[in-house]
Amino acid sequence: MDLLERSHNTRQRHPWERARFRFFKDLLAEAGVENDVVDALDIGAGDAWFAAQFAASLRPESTIACFDPGYAAESDLPTTLPPRVQLHAALPARPFDLVLLLDVLEHVEQDADYLKQIVETNLKPGGMLLASVPAWQSLFSEHDRYLLHHRRYHPRAAKRLLQSAGLIILRNGGLFHSLLLPRKLERVLETRVECGSNAGKQGSGHWKHGKHVTRAVAAALRVDNELSKLFSHLGIDIPGLSWWALCKKP
């Protein structure tokens, strides 16, 4: 979860956030990453919930370094993390077996230069990098502005960006296909209705729906995840609200 989206309710995670974690955990497990990784780096780790969940599936001796520039100014950092999940206010200047770059590049103005530096400095030869970005610039909304995004990405542009940094794309695809239409409608309404000061500010940290709605949304997103896996295995790039790629450094 982005630090900007945090609320006091840390127990009830957004179904989107849980679905996103399951999808990427399964993807990494299928690639055999969980058995090979000893040293991982989560860039833009936010409240480190993803890293803490992922750590449980890694080898006992594995560690995850969580970097977020927001840690330097944050006084209320997570205190219940596993010992092998460590927070860093500065980006570690060493290479790792695995780099997680999940919904980060859209925050960086000079994304190509930033990515090249990450690949050169923070990724070992033969190491894996998992990246995800919000897709489709036409969906750029008040929520993107609130989260300080510079852009959303067309899948072809995201592929070129990763390849230009020297990465080999092993698998890629869209994610959250079922959320495309709701986001498009939301974007249309934004252009027609004057938005209040809180427009776009209800992010993943503000999920307050009851258990029945939560279960229904979670079930729908599980189906969405399975479709994403199927499309990826078949080599079919179906549009989604997000786009992801699992890459390797030669």
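Tell me which residues come under 5 Å, amide H to amide H, from residue 87 once H is placed; ignore anything under 5 positions away on its chain.
HN-HN under 5 Å from residue 87: 66.
Apply the Karplus parameterisation 6.51 cos²θ - 1.76 cosθ + 1.60, with θ equal to phi minus 60°, to every residue of region 138-148 and state each ³J(HN,Hα) to the nearest whole Hz, in sequence, with x for glycine and proline.
Result, ordered by residue: 5, 9, 4, 9, 4, 5, 4, 5, 4, 7, 6 Hz.
Would you mind checking which residues have amide H under 5 Å from residue 129's amide H? H placed 1.01 Å from N; only 5 or more apart, or other chain.
99, 247, 248, 249
Could you derive backbone 3J(HN,Hα) for region 232-246 from the dihedral phi with the Karplus parameters 6.51, -1.76 and 1.60 (θ = phi - 60°), listing whole Hz in sequence and x where the residue is Gly or Pro?
Per residue, the Karplus-derived 3J(HN,Hα) values read 5, 4, 7, x, 9, 9, 8, x, x, 5, 10, 10, 9, 8, 9 Hz.
My understanding is that a pair violates if its Cα-Cα distance is over 19 Å; which of 25/116; 124/248; 116/159; 124/249; 25/124; 25/248 do that in this structure?
Too far apart for the 19 Å limit: 25/116; 25/124.
Amide H neighbours of residue 135 under 5 Å, counting only residues 5+ apart in sequence or on other chains, H built in-plane at 1.01 Å?
It is 153, 242, 243, by chain and number.
Since every read-out is calculated from the coordinates, none of them should be taken as a lab result. Model, not experiment: these values are computed from the prediction.
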